[in-house]
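Accompanying notes for the structure given below.
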Amino acid sequence: MGRDAKDGRQGGLVTDEWGGYWTEVKLQVLKKYLAAFNLASRRAGDTVYLDLFAGAVTHNRPDTGHAYAGSSALAMRTTPAFSRLVFWELEGPAEQLRRDLEDTFPGDKRYTVVGGDCNDHLDRGLEFVRSLRWAPTFAFIDPKGLDVAWQTLERLATWRRDARGRKVELWILMPEPALSRVLGLQGVRGQSSASMLTRLYGCDDWVAIHQRRQRNEFTPEQTRAEFVNLLRWRLTSVLGYRTTHPLQLGNVHNQPVYTMVFATDVDAGESIMRDVYSHAKVHEIPTLRSHAVGVRKAKQDRERGIGRLFDPGGPAVAPEPYVYVEPWEPPSRLAGPVELDAEPGPDTQTDVEDL
Ligand SMILES: C[S@@+](CC[C@H](N)C(=O)[O-])C[C@H]1O[C@@H](n2cnc3c(N)ncnc32)[C@H](O)[C@@H]1O
């Protein structure tokens with residue numbers, strides 16, 4: 001991750017974790033959902049927040065120069081408040097996160113930071129909330145690439161001890177650029193990408209999608225949709241979640257950047273996230289995309305020496321309704337050998353900013 005240490009406005013590290021306007025959409029959706037989750041869970045008395053790829057307390061938005069709160073800070077500030085919170089981060093950034101949380105929330109004992117790969121150290125963090133295994137729990141899984149292992153999702157899905165069998169709610173980011181990086185034009189690139197996908201899905205069912213892409217039966221768009229669907233399908237059919245909701249976010253050109261997949265078996269969670277997604281499609285996404293297009297245009301104009309007396313804002317972006325689609329049965333594997341493309345080289349990195 002490109003960490004750019006600067007003097008944070010709250011005294012800590014400010015990172016350049018900003019991907020694009022969709023990062024802001026993601027955080028706004030998270031903020032809204034967490035408040036509604038805790039409000040809806042008030043009768044339970046306690047709630048738990050798990051953040052497996054916690055990042056930094058504050059991020060910097062390079063296009064506007066503004067700092068904004070990361071998921072950890074949003075969760076800590078949620079009202080009504082979470083009883084306990086666990087943040088996982090890689091060693092190094094975890095140290096910084098610990099220091100910044102201490103500075104930003106002095107004396108707050110509700111949380112712990114676990115340093116290291118969340119897939120390997122999940123249980124260390126879960127220990128901190130063992131006494132609240134019964135409580136409504138929300139897990140945010142926000143990797144940059146395909147870094148989460150199915151085993152981790154499985155462990156989370158079986159963690160809660162609730163009399164009614166309700167599970168930890170999951171909100172998982174499926175990064176489209178990382179998918180296109182591993183998929184390439186022909187299909188999956190190399191054994192390392194194949195292993196990553198098998199680790200993510202917990203099986204090699206993705207091969208059937210790859211085979212159809214290689215035979216040109218699936219367009220790149222269908223391929224992406226099938227990969228997201230496979231995750232949703234397995235969350236319901238294998239882990240037993242009742243409902244999953246996908247929210248696809250696009251860049252300024254509306255090219256897919258990532259899909260946020262929400263999984264729950266709680267009616268209230270389902271209806272709240274449906275509302276939050278619907279609102280995002282009609283309000284946050286068009287407004288923030290329009291603003292991002294405006295900021296980009298102004299920057300291009302400045303670079304070309306075209307001055308502006310006032311900020312004209314961005315062009316109007318048409319809102320789209322959120323339409324729920326049931327996950328469908330994934331394709332089955334075709335006969336014949338599975339051919340992998342060459343391993344991706346460093347030049348195959350896709351920068352989402354340029355998409
Ligand atoms: C997209 S950023 C998270 C942003 C944060 N959730 C937010 O919204 O403010 C992903 C973070 O995951 C961390 N990370 C990457 N691999 C990890 C792993 N295996 N376990 C824990 N953290 C990891 C990276 O250091 C990075 O800070």
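The values are calculated or read from the model by the stated rules, or taken from the named source; none is laboratory data. Note that the coordinates shown come from a computational prediction; the quantities given were computed from them, not determined experimentally. Ideal geometry is used to build each Cβ from the backbone, glycine not excepted, and the neighbour counts take in all protein chains shown.
Tabulated data for the structure shown
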{"read-out": "Single unsatisfied condition, residue 21 versus (1) more than 12 Å from the ligand (Cβ to nearest atom); (2) within 24 Å of residue 155 (Cβ to Cβ); (3) under 15 Å from the mean Cα position of the chain (by Cα)", "value": "(2)"}
{"read-out": "Within the range 326-338, tally of residues that are closer than 30 Å to residue 263 by Cβ and either touching a Pro at 6+ places or on another chain (Cβ under 8 Å) or at pLDDT 80 or above (or both)", "value": "9"}
{"read-out": "Some residue of the range 114-136 being aromatic (Phe, Trp, Tyr), in contact with a helix residue (DSSP H, G or I) (Cβ under 6 Å, 6 or more places away or on another chain), in contact (Cβ under 8 Å) with a residue 24 or more places away in the chain and within 16 Å of the ligand (Cβ to nearest atom)", "value": "no"}
{"read-out": "Any hit, the range 68-86, residues being within 17 Å of the chain's Cα centre (by Cα), of a type in the set (Phe, Trp, Tyr) and within 23 Å of residue 160 (Cα to Cα)", "value": "no"}
{"read-out": "Breaking point among (1) within 27 Å of residue 289 (Cα to Cα); (2) touching a helix residue (DSSP H, G or I) at 6+ places or on another chain (Cβ under 8 Å); (3) within 16 Å of the ligand (Cβ to nearest atom), for residue 62", "value": "(2)"}
{"read-out": "Selection count, the range 33-59, where residues are surrounded by fewer than 21 Cβ atoms within 10 Å (Cβ to Cβ) and within 14 Å of the ligand (Cβ to nearest atom)", "value": "1"}
{"read-out": "Test: residue 243 is under 24 Å from residue 271 (Cβ atoms) and surrounded by fewer than 19 Cβ atoms within 10 Å (Cβ to Cβ)", "value": "no"}
{"read-out": "Strands (runs of 3 or more DSSP E) wholly inside the range 82-188 containing at least 3 residues that are at pLDDT 95 or above and closer than 27 Å to residue 220 by Cα", "value": "169-175"}
{"read-out": "Residue list for the range 241-284, filter: hydrophobic (A, V, I, L, M, F, W, C) and within 22 Å of residue 178 (Cα to Cα)", "value": "247, 249, 252, 257, 260, 261, 262, 263"}
{"read-out": "Subset of the range 35-44 [in contact (Cβ under 8 Å) with a residue 60 or more places away in the chain and more than 18 Å from the chain's Cα centre (by Cα)]", "value": "36, 40, 41, 44"}
{"read-out": "Within the range 32-59, tally of residues that are more than 20 Å from residue 170 (Cα to Cα), out of contact with any helix residue (DSSP H, G or I) (no Cβ under 9 Å at 6 or more places or on another chain) and of a type outside the set (Lys, Arg)", "value": "1"}
{"read-out": "Where residue 50 falls short, out of the listed (1) in a helix (DSSP H, G or I); (2) modelled with pLDDT of 95 or more", "value": "(1)"}
{"read-out": "Failed item in (1) within 16 Å of the ligand (Cβ to nearest atom); (2) farther than 30 Å from residue 337 by Cβ, with residue 145 passing the rest", "value": "(2)"}
{"read-out": "Qualifying positions in the range 305-325 - at pLDDT 80 or above and surrounded by 10 or more Cβ atoms within 10 Å (Cβ to Cβ)", "value": "319, 320, 322, 324, 325"}
{"read-out": "Options 347, 341, 275: the member that is modelled with pLDDT under 75, acidic (Asp, Glu) and exposed (fewer than 15 other Cβ atoms within 10 Å of the Cβ)", "value": "347"}
